[in-house]
Amino acid sequence: MSTVAIKDVTKIWPDGTTAVDRVSVDVNDGEFMVLLGPSGCGKSTILRMIAGLEDPTSGDILLNGEPVLNLAPRDRSIAMVFQDFALYPHMTVGENIGFPLKLSGVDSSPRGERVGDVASALGIGDVLARKPAQLSGGQRQRVAMGRAIVRRPGLFLMDEPLSNLDSGLRAELRAEITGLTRELGVTTMYVTHDQAEALTMADRVAILRKGVLQDVGTPTEVYGRPATLYVAAFLGAPRMNLLEASVYVHLDRYIALNLGEQALYLPWDDIRARAVAHYHGERIVVGMRAEALTPVAPDAPGDVLHGRIRYLEHHGHESLAFLDIGATAIVVDEMGGAVHDAAEGGALRRFGGALQRLTGRAERGGTGTKVRHGRDPERTSVLSDPGRHHRRPAELAVRLAPYPAVSPGHPLAISVRMDALHFFDERGDRIDVGWR
Ligand SMILES: Nc1ncnc2c1ncn2[C@@H]1O[C@H](COP(=O)(O)OP(=O)(O)O)[C@@H](O)[C@H]1O
Ligand SMILES: [Mg+2]
């Protein structure tokens, strides 16, 4: 039984790298919390600080409401499993699992009993006498988990424990891990860079980017209502379509979202119209997942976009069409690497810089009318972060039936579910439209 409270924790390495930047997260008793983010975003550093293997530069960490920064790792009732776990090669499976109990002086017979229980819960009860070299990768991973949980820790920390396994086994073990931790009722913090893993396993997900917490919520919440453009782009496959739109209010009639050559129209009485109307004359980002888009007849009425297929991707159970609709896409650069920007003749173009040019105004002051959530210190400087967003001709991802009888160049009409649109401002923050 354990709760974790991470309070405003920062970790700056001696070389000046800020690995974790004022992160606060609460984990409830028995909860399965996933820390999600690309490589280098600070996930392992957070786990290692909780385990006591690293000290935060500032901030506090509480277990069960008690500050633990002055406690040695062994006094924290925490077990940790790493990606590169090592088993003792000369010991049997049973001895490996029982080793932590032996160290803490548990006698041979109760030890054997607990090892047996854990091993059968993990489905490795029949290989207790084998040596690690005689096991499959999945079995070895189970032994490592068994060794971690045999002491019945209050808190279970797992750092990408499945990333060295092949994909079939990974899927199988996902369900086993969540099943086991729920059965034991042990609070778990699980680190992964794999958004699908996070969405399938988590009670709640905390999403990090460059050490900064972006969003925390249940998979349904963070997927359905992402707090930032970054979270919107990171979760889901295919990725959310993110289109630049200029907003034009036709008072008492509708709000036009001009996407370049085409537009979508929010009726004036739409519950979201008021929030979006604040951006009259400005550009925002409109997000639409593939599930909001349905192919329709070319002359279908309603909210329809027309495009031509640029290319197709076949995934067996479905095919994806990528359409040229004459709109501009915003590409969120999650890794900090460069993206080639075809729209600007090969020049890298910042989203913020482009907006500034188009709207003819500099960065918004801190006292503007928009709400600041304070989640991301970078939100005040999106405009000066060259690595963050790029613009390029949109390739609208649309789901089709498997192997459709269409080919590149084919025209396609797409009906848009207006109630499933996402709206983000120039900083990449969700525009709160007061619904859901
Ligand atoms: N011991 C260390 N000394 C200096 N920098 C480190 C150390 N460990 C990690 N870092 C840096 O801290 C940042 C976060 O690393 P890490 O927490 O390992 O990320 P993740 O687990 O999300 O991939 C990275 O920039 C990494 O290079
Ligand atoms: Mg890591």
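Among all positions in the stretch 50-57, there is no residue which is open to solvent by 20 Å² or more (accessible area, probe 1.4 Å), assigned by TED's automatic domain parsing to the domain that holds residue 157, out of contact with any helix residue (DSSP H, G or I) (no Cβ under 7 Å at 6 or more places or on another chain) and within 16 Å of ligand 2 (Cβ to nearest atom). Scanning the stretch 157-183 for residues that are in contact (Cβ under 8 Å) with a residue 60 or more places away in the chain and away from ligand 1 (no atom under 16 Å from the Cβ) yields 178, 181, 182, 183. Contact map, the stretch 70-98: residues that are closer than 16 Å to residue 53 by Cβ and among the β-branched types (Val, Ile, Thr) paired with residues that are open to solvent by less than 30 Å² (accessible area, probe 1.4 Å) and more than 16 Å from ligand 2 (Cβ to nearest atom), Cβ distance under 7 Å, separation 6+ or inter-chain. Pairs shown: 78/153; 78/155; 81/144; 81/145; 81/148. Across the stretch 9-49, which residue is nearest to residue 174 (Cα to Cα) among those that are away from ligand 1 (no atom under 11 Å from the Cβ) and among the hydroxyl-bearing types (Ser, Thr, Tyr)? Across the stretch 9-49, the extreme among qualifying residues is 24.
Quick grid of which residues meet (1) farther than 26 Å from residue 293 by Cβ; (2) among the charged types (D, E, K, R); (3) surrounded by 12 or more Cβ atoms within 10 Å (Cβ to Cβ); (4) at pLDDT below 90:
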site	(1), (2), (3), (4)
370	yes, yes, yes, yes
381	yes, no, yes, yes
391	no, yes, yes, yes
403	no, no, no, no
423	no, no, yes, no
426	no, yes, yes, yes
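Which of the residues spanning the stretch 184-228 are among the aromatic types (Phe, Trp, Tyr) and either part of a loop (DSSP other than H, G, I, E, B) or under 30 Å from residue 321 (Cβ atoms) (or both)? Of everything in the stretch 184-228, just one residue is among the aromatic types (Phe, Trp, Tyr) and either part of a loop (DSSP other than H, G, I, E, B) or under 30 Å from residue 321 (Cβ atoms) (or both), namely 223. If I filter the stretch 31-47 for residues that are exposed (fewer than 15 other Cβ atoms within 10 Å of the Cβ) and more than 16 Å from ligand 2 (Cβ to nearest atom), do I get at least one hit? No, there is no match, as no residue in the stretch 31-47 is exposed (fewer than 15 other Cβ atoms within 10 Å of the Cβ) and more than 16 Å from ligand 2 (Cβ to nearest atom). Within the stretch 174-183, is there a residue that is open to solvent by less than 50 Å² (accessible area, probe 1.4 Å) and not in a helix (DSSP H, G or I)? Within the stretch 174-183, not a single residue is open to solvent by less than 50 Å² (accessible area, probe 1.4 Å) and not in a helix (DSSP H, G or I). I need every pair where a residue in the stretch 27-43 that is assigned to a helix (DSSP H, G or I) has its Cβ under 6 Å from the Cβ of a residue that is open to solvent by less than 10 Å² (accessible area, probe 1.4 Å) and within 13 Å of ligand 1 (Cβ to nearest atom), sequence separation at least 6 or different chains. Between residues of the stretch 27-43 that are assigned to a helix (DSSP H, G or I) and residues that are open to solvent by less than 10 Å² (accessible area, probe 1.4 Å) and within 13 Å of ligand 1 (Cβ to nearest atom), the close pairs are 43/35; 43/37; 43/191. Go through the residues of the stretch 229-242 one by one and say whether even a single one is outside any loop (DSSP other than H, G, I, E, B) and within 14 Å of residue 328 (Cα to Cα). Yes: one or more hits. Out of the stretch 230-253, which residues are open to solvent by 60 Å² or more (accessible area, probe 1.4 Å) and modelled with pLDDT of 95 or more? Across the stretch 230-253, the qualifying residue is only 248.
Looking at residue 16, is it within 19 Å of residue 215 (Cα to Cα) and part of a loop (DSSP other than H, G, I, E, B)? Against the criterion (within 19 Å of residue 215 (Cα to Cα) and part of a loop (DSSP other than H, G, I, E, B)), residue 16 does not qualify.
The values are calculated or read from the model by the stated rules, or taken from the named source; none is laboratory data. Predicted model, so just to flag it, every value in this text is computed and none were measured. Cβ sites come from the backbone with ideal geometry, for glycine too, and all protein chains shown count toward neighbours. Surface accessibility is based on the protein's heavy atoms, side chains included, excluding ligands, DNA and RNA. Shrake-Rupley method; radii C 1.70, N 1.55, O 1.52, S 1.80 Å.
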